[in-house]
Amino acid sequence: MITPFQVACKNLLRKKVRTLLTLVGIMLSTWVLVSLFGFNRGYEKALNRDIENMGYQLMVMAKGCPYEAATMMLQGGTGLRYMEQSMVNDIMEEAEVDKITPILMQAFFDPNKGESGGIAGYFGVDPDSYPAMKPFFRFRSGGWFRDNSAAEVVMGYEAAELEQREVGDMTLVPEKNVQLKVVGILERTGTQDDGTIFVPLKTLQRIAEIDKITTIGIKVKKDADITKLENKLYQLKDVQVVSFSQVKQTIMKLISTARVMVLSIAIVAILIAMAGVVNTVLMSVLERMPEIGILKTMGAMPGDIFRLVWTETLILCGIGGVAGIGFALLFARGTDLLVRRILPYAPSGGLVVIDGGLALLTLGSIVAAGLLSGLYPAWKAGRVRPLESIRRDG
Amino acid sequence: MTTESKVVLEARDLTRVYRRGSEEIRAVDGVSLAIRRGEFVSFMGPSGSGKTTLVNLLGCLDNPSAGELDLAGRGIFGGGKKLDERALTRVRREVFGYIFQNFYLIPTLTVRENVALPLAFYRKPGVEAEVERLLAMLGMEHRMDHLPVQISGGEMQRVAIARALVNRPEILLADEPTGNLDTKRAGEIGDILQDLNRNTGLTIVMVSHNPDLARLGGRLVEMRDGKAHEI
Ligand SMILES: Nc1ncnc2c1ncn2[C@@H]1O[C@H](COP(=O)(O)OP(=O)(O)OP(=O)(O)O)[C@@H](O)[C@H]1O
Ligand SMILES: [Mg+2]
C-alpha cells in the first residue's frame, strides 16, 4: 500500500535537477552553519589553551613594581620593590589557587653588553614550583637546576644566543662577580622568557643579598572564579594584581567582530537556503494544483495535503542537512585553515570543533528553518479546492 | 428500476450564480430532480449550459448559491448555510467517486499505486483487496506496475475509474469521461460504466456530449441555460 511519505519522495524525484539544486543550497548553508557553531566552540577552547600556556593567569606584585621586564630594565633595576616570601603561603590558603610560585626579578648592569653596557634580567625561580607553571617550556639542551641553591642558570633562547653560551659553560653575573654554570638552554617561546636568565631563587637571593621576592605567579584551579580571587588579592596590603583573563577578554573582543561577520554570512546562507526551499516547494505545489485537487476528491483533508507538502520540505532539509554536516566533518581541516586566514589572532590547535551534539543541533536548526519555509506552500496546498484546481486545468 | 428504489440524491431549486464583475451568470438556475439508487443518469446539452456546474453541486464539490440538496435523506445543503472544505470532504469520501475528462493520474506513481492512493487518506473497512480486484476487472492486471505515461488514454481512464471505485462509493460522478478518447475507446469506457451500473448497482451521474454514450443510461436529462429538462 502506498503511503503519503512515498508520494512525497516520488514527487521530489519528478524534477530531479530542481530538487538537487535545492539540496545543494541546503547542504551549503548547513556546512557554513555547523562550521560556524564548531568555530564558536573551538576557538574559545583553543584560546583558553593558549592562555594556559602563558603559565600563570595571575601575577601579584609589590605595589609600584613595574611588572614588565622591559620596564624593569628601563629603570635600571632601581625601582624594584619587594614583598615578604611568606606572602606565598598566605595566598596559597585561598581556595581558588591551584599552583603558586615565588619569583625574584633582578637586573644587573653589564658593562660588556652592547657598546656602552646594558641591563641583564635575572629571574630567581623555585625549581620545585616554577617548571609546573611553564609545562610548555622545551629545552634546546640540558634541563632545570638541581636544587634551589645550586650555582646554576637556565638561559632563555635569545639570552644564550647573545652571550654565546652552551650547556656546561660558565657565566658571570655582572656587578656581583659570581660564576654560575649553564645547565639548560630553552627553545624559543616567542615571549619575553627568551631574553631571561633563570637562576635558582635562593641562589639569586644570596647573590643580591635580599631575602624577599618581587613577584608571585598564580595558577587558578579549573572552573574557579578568577574575579573572586582577584578581588581577594586586592585586599592584600601594598600589592597589585595583573590578570591574564583581562588579556583574554581583550583578544575575545577583538575576534567578536570577526565572529559577527561570519555569523551574518551564516544567516544570509540560511535565508538563501530557505528561499530556495520556499521556491522549490511552492513551484511544485503550483504545478500540481489539479493533482492536489484530485487528492481532495479522493478524501484527503486539508491537513493531509498540508502534511504531504510539509513532508517534502522535511525530506529536502533532512537530506541536505545530513549531507552538509558530512561535508563539514570531511573538510573541517580546510575550514580551519580558511578561518585562520581571516582572523586577527588565531590560537594554536583545532579552531573548528564539530561533535555529535553540535551536528544534531545544526541539523535541528536546518530542519526547523526548512519546516518554517514549508509552512506557506503547505498551507497554500492545503487550501486548494478541488473544483478550482480541476477547472483551471480544464 | 422499481418505485421502491430509495432516492439517494435529491435537489430542490438548486441554483449556482457566478459573479463576473457586475455581471451575474446563473450557471444552474433552480434545478429540481431526484436520483434513485442504481440509476444511470446522463446529462447532455450545449457547452456552457451548466452541466459541469450542476454535477459538481450534486457531487458536493461546490456549495450552491441557493436551494437544497439531500443525500440519502440527509440534508447536506440548505438554508443558505455553506459547508467548509473539511465537512465537504467528509461527505464526498463516504459517498462519491469521481472521474474527469483529464484523468489526473499522478505521473510519478504506478498504475497500482495510483489506484491505492485514496486509501492513504481514507479507507473504508475491508477495501484493501479492491485495488487488485478492480484492476483485474477492468482488464488492467498486466499494466499494474506501469507508469501513466506508459499506457494509453483509454487505459488511463480505466485506472481513474478503478481509483474512483476503490473506496466502494455509492455514486460515481463522471464529467465527460470520454472527452479525450477516440470513438472506440469511448465505447469501451461506456461499456464498462454500463456493466458497473447493471452488475453492481452503482449509481452513475454522467455528463457527456456523446449521444451514443449518453443513451447508455436509462435516463437522459438535457441542460439548457442552467435549467434541466428530462427527455
Ligand atoms: N468559476 C466560474 N466563474 C465564472 N463563471 C463560471 C465558472 N464556472 C462556470 N462558469 C460559467 O457558468 C456557465 C456554465 O458552465 P459549465 O462549466 O457548467 O458549462 P458546461 O455545460 O459544463 O459546458 P461544457 O460542455 O463546455 O463543459 C458558463 O457560462 C461558464 O462560463
Ligand atoms: Mg463541462
Query raised in the report: What average number of partner chain Cβ atoms lie no more than 10 Å from the Cβ of the residues making up A:6-17?
Result: 2
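If you place +1 on the Cβ of every Lys and Arg, -1 on the Cβ of every Asp and Glu, and leave all else neutral, what size is the dipole of the range B:156-203 about its Cα centre, to the nearest 20 Debye? The partial results should precede the final answer.
Values: 6 positive and 7 negative charges, 36 e Å.
Approximately 180 debye in magnitude.
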**Report entry** Cα-based Rg and Dmax for the range A:137-261, where Dmax is the largest Cα-Cα distance (Å)
**Finding:** 18.9, 58
Query raised in the report: How long is the range B:102-231 along each principal axis, judged by its Cα atoms, biggest number first, in Å?
Result: 43, 33, 26
Requested in this report: For chain A, find the longest principal axis of its Cα atoms and tell me its angle to the long axis of helix A:4-14, 0 to 90°, nearest 10.
Outcome: 80 degrees
Query - For chain A, the Rg and Dmax computed from alpha carbons only, in angstrom - result: 33.1, 109
Query raised in the report: What is the diffusion coefficient of the range A:64-237 in µm²/s, taking the Kirkwood radius over Cα pairs and the Stokes-Einstein relation at 25 °C with a viscosity of 0.890 mPa s?
Result: 146 µm²/s
Query raised in the report: Taking Cα atoms, how many degrees apart are the long axis of helix A:302-330 and the longest axis of chain A, rounded to 10 and kept between 0 and 90?
Result: 30 degrees
Query raised in the report: In whole Å, how far is the Cα centre of the range B:173-192 from that of the range A:156-186?
Result: 108 Å
Query raised in the report: Cα to Cα, under 26 Å, and not fewer than 8 places away if on the same chain: which lysines meet these conditions relative to B:LYS184?
Result: B:LYS51
Query raised in the report: Once you average over the residues of B:111-120, how many Cβ atoms of partner chains fall within 10 Å of each Cβ?
Result: 5
Report summary line: Normalised per residue, the volume inside the convex hull of the alpha-carbon atoms of the range B:1-124 in Å³ amounts to 162 Å³
Report task. Quote the total accessible area buried by chains A and B together, excluding ligands, DNA and RNA, probe 1.4 Å, nearest 100 Å². Result -> 2800 Å²
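I'd like the projected area of the range A:209-336, averaged over all directions, using the convex hull of its alpha carbons. Report it in nm² with one decimal. Before the final figure, lay out each step's value.
Working: hull surface 63.5 nm².
Computed as one quarter of the Cα hull surface, the answer is 15.9 nm².
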Requested in this report: Take B:ASP182, project a point 7 Å from its Cα along the Cβ direction, then tell me which residues of the range B:133-169 have their backbone nitrogen under 18 Å from it.
Outcome: B:150-158
Query - Cα long-axis angle, helix A:16-53 against chain A (0 to 90 degrees, to the nearest 10) - result: 20 degrees
Query - Cα principal axis extents for chain B, largest first, Å - result: 50, 45, 37
**Report entry** Protection-proxy order for peptides B:139-152, A:363-376, each taking the mean of Cβ atoms within 10 Å per residue, highest first
**Finding:** A:363-376, B:139-152
Query - Label zone at B:ARG26, where the point sits 7 Å out along the Cα-to-Cβ direction: the range B:58-74 residues whose backbone N lies under 19 Å - result: B:58, B:63-69
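Can you give the convex hull volume per residue for the Cα atoms of the range B:25-65, as a whole number of Å³?
Spread over its residues, the Cα hull of the range B:25-65 gives 81 Å³ apiece.
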Query - Non-local Lys pairs in the range A:64-237, i.e. 8 or more apart or on different chains, that have alpha carbons under 21 Å apart - result: 25
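The values are calculated or read from the model by the stated rules, or taken from the named source; none is laboratory data. Nothing here was measured: the structure is a model prediction, and the numbers come from that model. Please note: Cβ atoms are built from the backbone with ideal geometry, for glycine as well, and neighbour counts cover all protein chains shown. Accessible surface areas use protein heavy atoms only, side chains included; no ligands, DNA or RNA. Shrake-Rupley method; radii C 1.70, N 1.55, O 1.52, S 1.80 Å.
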